[in-house]
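Have a look at the structure below, then the notes.
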Amino acid sequence: MLNQTMGSCAETTHIVMSEDINQLGNLHGGTLMQWVDIVGAVAAMRHARCMVTTAALDSMDFKHPVPLGAIVTLRAAVTWTGRTSLEVRVDVYSEKMGETAKKHTNTAYLVFVALGYDGKPQAVQPFVPQTESEKQEYERAAQRREARLAQRRSAGERELR
C-alpha cells in the first residue's frame, strides 16, 4: 500500500455479515464494489476538499473468496490528479477469525471527478508523490490514464481532464 499523509487516503473495516454474502457463503462482489467505491470517494474528497463523483472503475479481479465472518479492511490512496479528476487505488485485505495472516484479495483503481456545489467539474490541487513507491505508482497511473483515454477515444466518449 502507498505510504501517504491522511489528506489523500482513507481506510475502513467491515465484518462480513449474513446480508453481505452470496449463495456460496462468501462476500458478494457487488457489496465489495460498493465498499471500494465509498472508501475511494473518501480519499478523493479528502484530497480535493469537495464533492466527487465516480467516473470509472478499472477491472477488479477477485483473487480469494471472503467468507462469512471475515474481517475486511479497505485502504484507499490518491495516486494521480489531473485538472479536475483524481485516480485512487484501493487495496482490499481479508482475515478469517482465528488466523493472524491477512490475505490481499483485491486491488482496484477508480477515477473520480471533483465537483463544485453547482455540480460542475472543479479544479483540484495537484498530487505530488513523496516516496519512491508513490512516484512509481504515479507513473503507472499516468499510463493507465492514457490507456483509458485511448479506449474512450475509440468508443467516441468525452475525455475527462
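Rule-based calculations on the coordinates, nothing more; no lab input. These numbers were taken from a predicted model, which means no experiment stands behind them. Note that we place each Cβ from the backbone using ideal geometry, even for glycine, and neighbour counts take in every protein chain shown.
All C-alpha to C-alpha distances of the range 6-155, sorted into 10 Å bins beginning at zero, yield P(r) values of 12, 38, 32, 17, 2 percent in whole numbers. The count of lysine pairs in the range 6-155 that are at least 8 places apart or cross chains, and whose C-alpha atoms lie under 29 Å apart, stands at 6. Among 20-33, 108-121, 39-52, 77-90, the peptide with the highest mean count of other Cβ atoms within 10 Å heads the list, and the full ranking is 77-90, 39-52, 108-121, 20-33. Helical content of the chain, expressed as a calculated mean residue ellipticity at 222 nm, amounts to -9500 deg cm²/dmol (DSSP H runs of 4 or more residues, -39,500 (n - 2.57) each, divided by residue number, nearest 500).
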